[in-house]
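Reviewing the structure listed below.
The values are calculated or read from the model by the stated rules, or taken from the named source; none is laboratory data. Fair warning: this is a prediction, and the values are worked out from it, not measured in the lab. Cβ coordinates were reconstructed from backbone atoms using ideal geometry, including for glycine residues, and neighbour counts include every protein chain displayed.
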Amino acid sequence: AEAPAANGKSNGHAEAAPANGNSNGHAEAAAANGESNGHGEAAAANGESNGHEVAAAAPEAVEWNFAGAKGGVLAATGANMSIRAIRYKISASVQENGPRPVLPLAHGDPSVFPAFRTAVEAEDAVAAALRTGQFNCYPAGVGLPAARSAVAEHLSQGVPYRLSADDIFLTAGGTQAIEVIIPVLAQTAGANILLPRPGYPNYEARAAFNKLEVRHFDLIPEKGWEIDLDSLESMADKNTTAMVIINPNNPCGSVYSYDHLAKVAEVARKLGILVIADEVYGKLVLGSAPFIPMGMFGHITPVLSIGSLSKSWIVPGWRLGWVAVYDPTKILEETKISASITNYLNVSTDPATFIQVSPRYLLLLVLFCSGPYVVGSPRACQMTALKLVYIDFTEFESRSQT
């Protein structure tokens, strides 16, 4: 109903526009002195309401104790506008049905094109593993033992010692591998890390996010983008914890020789730092120069190698990567770096929750709470969110001492 009266009252789903309208339903009171106890909106100068409504009165000012980055380190390094974010912004402005066809060249993800598809054998293997039902449980933060062993076996090829499952930390792609390593290194007050220039921006962004100082060493274009070892040494000091090499190189496309990597290892040892080797393109070497894993020199200086399935198997959406520890002398074990990576993964792992199984959980919880395992009043066993049971053990104090 609508009450247009001078003193109209409404107790239904109404709109009251009187000079002194009262409403106790789902109403809107635009009166000078409107009252509402339903789901209404009071725009009155002196409106009163005890229901769910939106009041036009100015809220009391609150000084909040939280805030995101306002310029700060993230803006200063460009971490708040990544290369990917820029690419998405540009792509969104492209007219798909414009006068000329557009060929995107801004991102290394060939999987978006039908011509590039991973091996059917890989898809079948993953599908078969899923159908077994053996891998639906929560895994350890560092990954399933069988998967870690498989990666260790694969990476042991071509290096002078064998890796074990304990040397492998599985991650959600190579990106999370970076996100795991950088915070571990940032735990040391005043620490800094050496990054190549040019290089992959995600390292600098992650370092900025964790307030880890970044110093850049140069690459030499005339020598196939080799690392300028003199520049490397000049950038380091007693607070330098690690250096990053990208081999095969992104964005330069070069592949480092055995001799050059050996020299890098010797310099790292001299400086007392570990080497983070980004080797996600290791299986995509197209020229005559072979890919040499930095792990070959793990006996000289400890190496953390980052790898993933994204590039070599054309499946970035599968989000499977790893950190491999090449450290036969156990330096990273003694310095607690390996333990810190484990701890970080145990904290950061966020298993998925499938809401579709909630009816089954509910049935099982009802059966549990009404079964012989729980005695006492109905209050003794209370079901909470999804699959949790709260048991009030005070109900059983008179029945048992254990």
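Residues in region 218-248 that are closer than 30 Å to SER312 by Cα and in contact (Cβ under 8 Å) with a residue 40 or more places away in the chain: THR241, ALA242, MET243, VAL244, ILE245, ILE246, ASN247, PRO248. Among the residues of region 128-146, those that are assigned to a helix (DSSP H, G or I), among the small types (Gly, Ala, Ser) and modelled with pLDDT under 95 comprise ALA129, ALA146. Among the candidates ALA208, ALA150, ALA146, the residue that is aliphatic (A, V, I, L, M) and touching a residue at least 60 places away in the same chain (Cβ under 8 Å) is uniquely ALA208.
Of all residues in region 244-252, none satisfies being in the same structural domain as LEU309 (by TED's automatic domain parsing) and on the phi > 0 side of the Ramachandran plot. Close contacts from region 304-319, counting a first residue that is over 12 Å from ARG117 (Cα atoms) and not assigned by TED's automatic domain parsing to the domain that holds LEU155 and a second that is in a loop (DSSP other than H, G, I, E, B) and among the hydrophobic types (A, V, I, L, M, F, W, C), with Cβ to Cβ under 6 Å and a gap of 6+ residues or different chains, come to none at all. From the list ALA177, ALA125, ALA147, ALA152, the one residue that fits, being hydrophobic (A, V, I, L, M, F, W, C) and exposed (fewer than 15 other Cβ atoms within 10 Å of the Cβ), is ALA125. Between a residue in region 185-198 that is assigned by TED's automatic domain parsing to the domain that holds ILE337 and within 22 Å of TYR344 (Cα to Cα) and any residue that is modelled with pLDDT of 95 or more and among the hydroxyl-bearing types (Ser, Thr, Tyr), which pairs come within a Cβ distance under 6 Å, given they are 6 or more apart or on different chains? Partner pairs satisfying both residue conditions: LEU185/THR241; ALA191/THR241; ASN192/THR240.
Here PRO101 qualifies as in a loop (DSSP other than H, G, I, E, B) and of a type outside the set (Lys, Arg).
So that you can scan it fast, the table gives a plain yes or no per residue for (1) of a type in the set (A, V, I, L, M); (2) more than 29 Å from the chain's Cα centre (by Cα); (3) under 24 Å from LEU155 (Cβ atoms):
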| site | (1), (2), (3) |
| --- | --- |
| ARG215 | no, no, no |
| LYS238 | no, yes, no |
| SER257 | no, yes, yes |
| VAL285 | yes, no, yes |
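Counting only residues that are in contact with a helix residue (DSSP H, G or I) (Cβ under 9 Å, 6 or more places away or on another chain) and not in a loop (DSSP other than H, G, I, E, B), region 154-173 holds 9 of them.
Residues in region 94-126 that are of a type in the set (A, V, I, L, M, F, W, C) and more than 24 Å from the chain's Cα centre (by Cα): VAL94, VAL102, LEU103, LEU105, PHE113, ALA115, PHE116, ALA119, VAL120, ALA122, ALA125.
Is at least one residue of region 264-283 of a type in the set (D, E, K, R), surrounded by 20 or more Cβ atoms within 10 Å (Cβ to Cβ) and in contact (Cβ under 8 Å) with a residue 40 or more places away in the chain? Yes; the residues of region 264-283 include at least one that is of a type in the set (D, E, K, R), surrounded by 20 or more Cβ atoms within 10 Å (Cβ to Cβ) and in contact (Cβ under 8 Å) with a residue 40 or more places away in the chain.
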